[in-house]
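Visitor: Starting off with a structure, shown below.
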Amino acid sequence: MYVLVVDDDPLVSKMVKFLLSEEGYEVTTSSSAQAAFALSEKRQPDLFILDVMMPQMDGFEVCKRLRTVNSDAAI
């Protein structure tokens, strides 16, 4: 299972990536919504983990935009 973690806090991203990787998940992290969209175009994640409070675009807006592209994505 491929997971994309979107969080502007590098320590949180690193910890979530570590914990999920230890459980056998393939994890990529992104520090911004724009980078997350670019990464998800290259390879569709099975699961998105979104930070709600990010600077340029909050997690709720990221979720809305991801839903327009992939309505089946787990978020």
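Visitor: Mind listing the Cα extents of the range 1-41 along all three principal axes, in Å, largest one first?
Guide: 27, 22, 6
Visitor: Using the Cβ atoms and a cut-off under 14 Å, what net charge is assigned to the surroundings of LEU20, where Lys and Arg are +1 and Asp and Glu are -1?
Guide: Computed value for this residue: -3.
Visitor: Among bridges DSSP assigns within the chain, what percent are antiparallel (round to 5)?
Guide: Counting only bridges with both partners in the chain, antiparallel ones make up about 0 percent.
Visitor: Which whole-Hz couplings ³J(HN,Hα) result when phi for each residue of the range 18-34 is put into the Karplus expression 6.51 cos²θ - 1.76 cosθ + 1.60, θ = phi - 60°, listed in order with x for Gly and Pro?
Guide: Those phi angles translate into 4, 5, 5, 5, 4, 8, x, 7, 8, 10, 10, 10, 9, 9, 8, 5, 4 Hz.
Visitor: Let me ask something else. Accessible area per residue of the chain at 1.4 Å probe, in Å²?
Guide: The answer is 65 Å² per residue.
Visitor: What is the pair-distance distribution P(r) of the range 13-75, computed from all Cα-Cα distances in 5 Å bins starting at 0, with each bin given as a whole percent?
Guide: So the P(r) values, bin by bin, are 4, 17, 29, 27, 18, 6, 0.
The values are calculated or read from the model by the stated rules, or taken from the named source; none is laboratory data. The structure displayed is predicted, hence computed values, not measured ones. Quick reminder, even Gly has a Cβ in these numbers, built from the backbone with ideal geometry, and neighbours come from all protein chains shown. With ligands, DNA and RNA removed, areas are computed over all heavy atoms of the protein, side chains included. Shrake-Rupley method; radii C 1.70, N 1.55, O 1.52, S 1.80 Å.
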